[in-house]
Amino acid sequence: MEKKIIVKKRKLQYRQPNSKRGGQYSLSFPLDLIEDMEINAEDRNIEIIYNPILKEIKIKKDNNKE
């Protein structure tokens, strides 16, 4: 099966700040992407790369066992 780059547009979820925590953004990922990255309940470590010049966030599976 040929692998293709997938582009999905999403809107970030936002939780209002309260007396116990600050405001927070989150994002849910489709299960098919998670399964394709071979992420499972026992191995959920990821690496987040932020490029401030391009304003780009990349997420990849962290294969280092801790």
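The values are calculated or read from the model by the stated rules, or taken from the named source; none is laboratory data. The structure presented is a predicted model; accordingly, all values stated were derived computationally and were not measured. Cβ sites come from the backbone with ideal geometry, for glycine too, and all protein chains shown count toward neighbours. Note: accessible area is taken over every heavy atom of the protein model, side chains too, but ligands, DNA and RNA are not part of it. Shrake-Rupley method; radii C 1.70, N 1.55, O 1.52, S 1.80 Å.
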- prompt: What does the charge dipole of the chain about its Cα centre add up to, to the nearest 20 debye, if the Cβ of each Lys and Arg holds +1 and the Cβ of each Asp and Glu holds -1?
  reply: 580 debye
- line: Order by accessible surface, 1.4 Å probe, largest leading, for residues GLU42, GLU47 comes to GLU42, GLU47
- line: On the accessible surface of the chain, probed at 1.4 Å with all protein chains in place, carbon and sulfur together account for a percent value of 52 percent
message: Using a 1.4 Å probe on the protein heavy atoms only, what accessible surface does TYR50 show? Give it in Å² to the nearest 10.
response: 130 Å²
- request: Keeping all protein chains in position, work out how much accessible area SER26 exposes to a 1.4 Å probe, and write it in Å² to the nearest 10.
  value: 50 Å²
message: Given the options ILE46, ASN18, ILE5, identify the residue whose Cα lies farthest towards the positive end of the charge dipole of the chain (+1 on Cβ of Lys, Arg; -1 on Cβ of Asp, Glu).
response: ASN18
task: Take GLU56, GLU38 and sort them by solvent-accessible surface of the protein heavy atoms, 1.4 Å probe, largest at the top.
output: GLU38, GLU56
query: In the set (1) 48, 30, 24; (2) 34, 25, 22; (3) 37, 26, 19, which value of Cα extents along the principal axes in Å was calculated from the structure you see?
result: (1)
task: Report the calculated FRET efficiency for MET37 and GLN16 (r = Cβ-Cβ distance, R0 = 35 Å), to the nearest 0.05.
output: 0.70
field: Solvent exposure of the range 23-66 as accessible area per residue, Å², 1.4 Å probe
entry: 91 Å²
